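Working notes, structure below.
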Amino acid sequence: MNRKIFVTGATSGIGLECARAFAQDGDNVLIAGRRADRLAAIKEDFEQQYGIRVDTLVLDVSKREDVDAKVKPAIEAFGGIDVLVNNAGLAQGLDPFQDSTVEDAVTMINTNVLGLLYVTKAVLPFMIDKNEGHIVNMGSTAGIYAYPGGAVYCATKAAVKMLADGIRMDTIATDIKVTTIQPGIVETPFSEVRFHGDAERAASVYAGIDAVQPQDVADVVLYVTNQPKRMQITDVTIMANQQA
Ligand code: NDP
């Protein structure tokens, strides 16, 4: 209630529902993504529906100069930060490693790993100054279990988990908490991005599965950030009931 929450990748899917869950709970949200039109529409919608403050930030997390130039002033204008949800990410291409492109691999590494690192580097000083805060990283079950065609994506999500654990250790003397959320298959536009816009192939991912919904993940994110100061939830794995 009345906290300051920064969500990256808030224009769609899990990030959008995380921002909504916090807004519904009475928190103020700073929402970021590359699509300015979507950010503006979400701001208008949330402010009307939930009566909270919404700041927007057009940000490409994979561009270090963008993050370095924009995140600090945005947080200062927002009045600080209590929770960072490092959610922006993507899978791109899902071909056997031998057939995959280096370009797709670089995009995933730059976004999922380096993007998360740049944003965290920009945000952490604010939390260290206050001696408290909470970083929630969106990992994946892909970071635990590799699957065919997912070598690079899986590697990026394993890196997300290890970055979280390392940062948690390095800030152990503070009241900063770090959590990794590791969802399995969640029904979002993610698969369409993954298959280079092939909507039909994307829909096939959810065939025969009662997929986890982005709201389900958002509820868990809200829950982990609402625990007493004395405890932290370090990891949560979320699977569809029918997911092997
Ligand atoms: P969506 O495609 O619906 O959302 C992805 C979000 O990330 C969008 O808001 C997009 O915003 C943002 N984004 C992508 N690239 C960048 C970038 N370079 N800079 C800034 N923002 C960016 O996918 P999901 O909601 O499914 O994915 C969210 C997170 O959840 C990702 O990290 C994904 O790896 C993870 N995840 C997803 C699962 C699933 O099955 N859906 C399972 C496990 C984890 P914009 O385009 O406006 O920049």
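Please treat every number below as a calculation from the coordinates, not as lab data. Computed from a predicted structure; not experimentally measured. Reconstructed Cβ throughout: ideal geometry from the backbone, glycine too, with neighbour counts over all protein chains shown.
For residue 98 and residue 47, FRET efficiency with R0 = 41 Å and r from the beta-carbon atoms, rounded to 0.05?
Numbers: r = 49 Å, r/R0 = 1.20.
FRET efficiency, residue 47 to residue 98: 0.25.
Once both labels are positioned 7 Å from their Cα atoms along Cα-to-Cβ, the gap between residue 215 and residue 36 label points is 3.2 nm.
To the nearest 20 Debye, how big is the dipole of the chain about its Cα centre, given +1 on the beta carbon of each Lys and Arg and -1 on that of each Asp and Glu?
Working: 22 positive and 31 negative charges, 127 e Å.
Magnitude of the dipole: close to 620 debye.
With unit charges on the beta carbon (Lys/Arg positive, Asp/Glu negative), name the residue among 85, 196, 178 whose Cα is farthest towards the positive pole of the charge dipole of the range 4-238. About the Cα centre, the residue reaching furthest to the positive side is 178.
Global dimensions of the chain from alpha-carbon coordinates: Rg and Dmax equal 17.1, 51 Å.
Each residue of the range 96-102 was assigned a 3J(HN,Hα) from its phi angle through the Karplus curve 6.51 cos²θ - 1.76 cosθ + 1.60 (θ = phi - 60°); the sequence is x, 3, 5, 9, 7, 9, 5 Hz, with glycine and proline shown as x. Within the listed set 175, 27, 37, the residue fluctuating most in the Gaussian network model of the chain (springs between alpha-carbon atoms under 10 angstrom) is 37. Coupling constants for the range 67-78 follow from the phi torsions by the Karplus curve (6.51 cos²θ - 1.76 cosθ + 1.60, θ = phi - 60°), and in residue order they are 5, 4, 7, 10, 6, 4, x, 5, 6, 4, 5, 6 Hz; glycine and proline get x.
Were the residues from residue 129 through residue 231 laid out at 0.36 nm apart, the gain over their Cα-Cα distance would be 34.7 nm.
So what is the diffusion coefficient of the range 1-81 in µm² per second by Stokes-Einstein at 4 °C and 1.567 mPa s, using a Kirkwood Rh over Cα pairs?
Estimated diffusion coefficient is 105 µm²/s.
Of all the options 231, 108, 162, the one that moves most in a Gaussian network model of the chain with Cα springs shorter than 10 angstrom is 231.
A cut-off of 5 Å between modelled amide H atoms, ignoring neighbours fewer than 5 places along the same chain, links residue 179 with 135, 136, 137.
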